[in-house]
1. Report the local net charge at R422: Lys and Arg +1, Asp and Glu -1, summed over other residues whose C-beta lies under 9 Å from its C-beta.
2. Please identify which residues in region 1-24 have an amide N closer than 18 Å to a label point set 7 Å out from the Cα of V198, following the Cα→Cβ vector.
3. Using the 2.2 N^0.38 Å rule of thumb for compact globular proteins, work out how region 127-221 stacks up: its C-alpha Rg over that value, please.
4. Over all alpha-carbon pairs of region 495-587, lay out the pair-distance distribution in 10 Å bins, whole %, shortest bin first.
5. Which three lengths, in whole Å and largest first, does region 265-379 cover when its Cα atoms are put on their principal axes?
6. For R558, what accessible area in Å² do you get when you roll a 1.4 Å probe over the heavy atoms of the protein chains, rounding to the nearest 10?
7. What does the accessible area of M387 come to, in Å² to the nearest 10, when a probe of 1.4 Å is used?
8. Between region 235-271 and region 595-609, what's the alpha-carbon centroid distance in Å?
Amino acid sequence: MHTAPAASQWPDQGYVKLLDVGDVTVKPNGVQVAVYQEAFKLFHRSARSLGEVNLAYNAAYQTIRLISAETVEPNGHVLRVLPSQVRNGGVVGEYAMYSDAQALMFSMPGLRNNCVISYRYEVITHSVMGRGLYWLYWGFNDSIPVELSRFTLHVPAGQTPAWKLHHATGIHVQQSMSKDGTQRVFTWQKKHMPPIPVEPAMPPVRKIRTWLEVSSVPSWSAIAAWFHGLQAPQMQPDSALLSLEKRLTKGLKTPAQKAAALYGWVAGQVRYVGLEFGISAYKPHPAAEVCRNLYGDCKDKANLLITLLKMAGIEAWPALLKANSTVPVSDELPTLSAFDHAIVLADAGGTLVWLDPTAETEPYGSIPAADKGAQALVVKGAAGEFMQVPPYTAAENGSDMVLNLHILPTGAVRGSAALTLRGAMKETMRASLARVPAGKRQDALRSLAQRLGLPGETDEVRYLQNPAPGAPVVLLFRFHAGSLGREIGSMQLLPLFTAMSGPSQQNPYLQKKRVWPIWSGTASHLTTRTRIELPAGWSIEALPKPVMLSDPLQTYQRTVQSLDNGHAIEVTDRYVQLTGMTEASGYAQVQSFWTALLKTAGDAALVKRS
């Protein structure tokens, strides 16, 4: 208590982590016996949520035991959590997911400012992959201050586990032998770590945090072979599955046609439900069983689709990946924790096609945004091959708006707009509207018109879908307004309606200094083409100048021109976000880009009314 930091040392923090200690002993059979201790000093009432402790574990292969938990009040008085106050319960997720995920839960007593809470617990983990195979992770720094983080690993004397430190300036491993000579001991430790600064467009945490990984898994191919051993026996078809494949592919000639039909059925008819108990967290249920039940999780649906494809003479393989991550996992040590999703890679007549049958609204040949750019371990028999799911190009991902405005002699406006969505924007729109009843869809789309900044009131919205692979979603709007822009005497300032002039646009880079590189993991674009038709007698007095901006990760171009002998104004602009990383030293250039970009949002055309 006396040496713990005071609130004055961290005035912008609600609490500080005093201790984060892990001590793991690996038995010769791979069983891990781990004792963890965490301690926090609370500065502000906002930190009292730490008093509700949930220690997650998987009951299929882990047991957990609370050793002690106590609150030390500012006066030194100790309040302990009693065994009768410890609870155990299931973990409720966002999806239809049922598993062995559990949590040991308890409430810390007597929380107040400047108290210290501390708890120790033991977790025993049995190997999932087999005897002697294990993997461990340990993070040192966090988004809060950490005074001491220490990880100690005990392994049998004859073992030399692979380990790797990331972003670990100032950490050195200490190695020793146990007194009885039966164990090798490795210790990593770091003290007095400030919080990880949180910034917009910062790299993924794994690229900046100080962390340690340990693994005894010999190779990524060993993981592929292990998964293949679980998955391959689950592909045995029954008579119902054989009949289904024949019915779905009847009359179809090409492998692509057959693959599309089979994918469409699995994606659209088999709903996502996860029953991940025991080894079923990794092992697919039999394809015939999933087909009968019409439900399954990602690996169940992938296995069913692979089974149907093989029955149709189409080669296909499971592909394991980390969803919503483009960070290559092959740079790290081999572990099962590198993956949380399973999809399919198929060879449809010599063309490789990525398929995610959990994506119910995605047509054949289109892959959801969560998979794009991920590095996947493709399981080809007992071997594994890393391949990248193709990322979006900027042209494939974004929105294109064509806006036509006709100003009447009264100053009133009639207009139409066509919004074309591609890639992640298309996927989000399609999934969102699929959840809206048909009778309420117009209201939802009218609300979208307001968010897009379309003037006045929306008269009609049409939603067009094209089932072809890669085809965009198109929204058509008709609207009217009593006036457009702002009157200044006999003059009128007309807004330009560019991609950057919407109500949601704001500068994400307002802080003066930058710590981390600026990271962009996905390419995208926004384009707008606006035509404003003027009534007879109105004349163009002044138009904004062309704009051309760029930095290493983005570009913006805009032109405004007079058409039809001065009877119309056309505005075209295009914003492009590239993938990559800009070092913090280039932050001033990025700031300048956004400052200049948002300044253009207020530009207007000056016209004279008759």
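The values are calculated or read from the model by the stated rules, or taken from the named source; none is laboratory data. What you see is a predicted model, and the numbers here were worked out from it, not measured in a lab. Counting neighbours? That spans all protein chains shown, and the Cβs are built from the backbone with ideal geometry, glycine included. Protein only, heavy atoms only, side chains kept; ligands, DNA and RNA dropped before computing areas. Shrake-Rupley method; radii C 1.70, N 1.55, O 1.52, S 1.80 Å.
1. Overall, the nearby charge balance is -1.
2. From region 1-24, the list is 10-17.
3. Its radius of gyration relative to the 2.2 N^0.38 Å reference: 1.25.
4. Bin by bin from 0 Å, the calculated values are 14, 36, 27, 14, 8, 1.
5. Projected onto the principal axes, the Cα atoms of region 265-379 cover 39, 38, 24 Å.
6. 0
7. Result for M387: roughly 40 Å² accessible.
8. Here the answer is 55 Å between Cα centres.
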